[in-house]
Amino acid sequence: MSNKPSYLIFTDLDGTLLDHFSYSHAPADQLIPVLQHAGIPIIINTSKTFAEVTDLQSKLGIQAPFIVENGAAVFLPKSLFIDCPKECHSYQNYWMKTFSQPRETWIELLKAQGAIYSDQFQGFSELSAKTIANLTGLALEDAEKANQRMFNEPVLWHDNEDKADEFISHIKAHGANVLRGGRFIHVGDFTDKGRALEWLASLYHTDKSQQQTTIALGDGDNDTAMLEAAHLSVQVRSPVHSFPTLNNASFIYQTQGYGPQGWVEAITFLTQDILNPDNTTIMLEERKYG
């Protein structure tokens, strides 16, 4: 057994591995294959859909499990996990572990219980791909993938923050979980990125001979559970909001760079014992924040 630690990288996308405005991942393009070669999985943990993530993994050359729709489901490539893990079932070329009821549950709840706010929000299911593209800056094809949701319903809010808080409290009181993302309010089941991280990390720990160190990177409020569940938490600097408060993280690294530049900054530093083993003089405690 190697004495070097082994890492699992769990990463948000928008505002983290992808630039908040342009969705570019260019700053990370050279580091990703280095991590792959070093045997460090890059596990996407996002509010995005199965269709969006598989497309992005193909573009980035990433081969790893991934987590979609704010922890609603974990997808394990059958090429990497030969046997079907407990509580999973087959979905295309993956084993799928679900933590959520289907999307239709939340669409119906919004229709029934959100009626008094009907002039103040629109669900994704009501929006055309062209409208989603205009709202997000995504290409039309990518906007179509963004609306291929399986487990939750994003909401576009039209009113002020006070009314949004009132709406969220109302929907929560009727049985839904609500998470704020970078652009939308997500209505779904009581899932979060942290619970999915813990389930997948435990699977790696069972299957492999050495202890895994989990690194989580995110920029928004909906990343909090993931960051607090990881051994090493990275808050990626955002151009549109301050760092969210973390109450239960054991180690916090706050990046100087924004988006993917901050992503590269943090990963290069935290995995230097593997990527640059001759330069390990900077101790982690020197970059602890909070």
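The values are calculated or read from the model by the stated rules, or taken from the named source; none is laboratory data. Since the model is a prediction, treat every value here as computed from it, not as a measurement. Counting neighbours? That spans all protein chains shown, and the Cβs are built from the backbone with ideal geometry, glycine included. In case anyone asks, the SASA skips ligands and DNA or RNA and just uses the protein heavy atoms, side chains included. Shrake-Rupley method; radii C 1.70, N 1.55, O 1.52, S 1.80 Å.
Structure notes:
- Where residue 67 falls short, out of the listed (1) of a type in the set (Val, Ile, Thr); (2) closer than 21 Å to residue 189 by Cα; (3) open to solvent by 20 Å² or more (accessible area, probe 1.4 Å): (3)
- Looking across segment 66-96, the residues that are of a type in the set (Gly, Ala, Ser) and out of contact with any helix residue (DSSP H, G or I) (no Cβ under 9 Å at 6 or more places or on another chain) come down to 79, 90.
- Considering segment 1-28, the residues that are over 21 Å from residue 238 (Cβ atoms) and in contact (Cβ under 8 Å) with a residue 24 or more places away in the chain include one that is most open to solvent (accessible area, probe 1.4 Å), namely 1.
- Search result, residues across segment 200-234 that are more than 28 Å from residue 125 (Cβ to Cβ) and in a helix (DSSP H, G or I): 200, 201, 202, 203, 204, 205, 206, 207, 227, 228, 229
- Which listed residue, of 255, 268, is under 15 Å from residue 17 (Cβ atoms), of a type in the set (S, T, N, Q) and crowded, with 19+ Cβ neighbours inside 10 Å: 255
- Looking only at segment 42-54, residues that are at pLDDT 95 or above and open to solvent by 10 Å² or more (accessible area, probe 1.4 Å) come to 4 in all.
- The residue that is modelled with the highest pLDDT, counting only those in segment 104-121 that are outside any helix (DSSP H, G or I) and buried (at least 18 other Cβ atoms within 10 Å of the Cβ), is 121.
- Members of segment 247-279 that are within 17 Å of residue 8 (Cβ to Cβ) and not in a helix (DSSP H, G or I): 249, 250, 251, 253, 271
- Residues of segment 126-153 that are in contact with a Phe, Trp or Tyr (Cβ under 9 Å, 6 or more places away or on another chain), of a type in the set (A, V, I, L, M, F, W, C) and either open to solvent by less than 10 Å² (accessible area, probe 1.4 Å) or part of a loop (DSSP other than H, G, I, E, B) (or both): 132, 138, 146, 150, 151.
- Residue 67 satisfies every condition listed in (1) free of Cβ contacts under 8 Å to residues at least 60 places away in the same chain; (2) part of a strand (DSSP E or B); (3) under 24 Å from residue 225 (Cβ atoms) except (1).
- Residue that is touching a residue at least 60 places away in the same chain (Cβ under 8 Å), of a type outside the set (A, V, I, L, M, F, W, C) and assigned to a loop (DSSP other than H, G, I, E, B), where the choices are 239, 244: 239
- The single residue among 117, 91 that is among the hydroxyl-bearing types (Ser, Thr, Tyr) and within 22 Å of the chain's Cα centre (by Cα) turns out to be 91.
- Within segment 136-184, the residues that satisfy the criterion of being over 18 Å from residue 14 (Cα atoms) and basic (Lys, Arg) are 163, 172.
Residue-by-condition table, conditions (1) open to solvent by less than 60 Å² (accessible area, probe 1.4 Å); (2) assigned to a strand (DSSP E or B); (3) over 17 Å from residue 187 (Cα atoms):
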{"residue": "155", "(1), (2), (3)": "yes, yes, no"}
{"residue": "163", "(1), (2), (3)": "no, no, no"}
{"residue": "166", "(1), (2), (3)": "no, no, no"}
{"residue": "170", "(1), (2), (3)": "yes, no, no"}
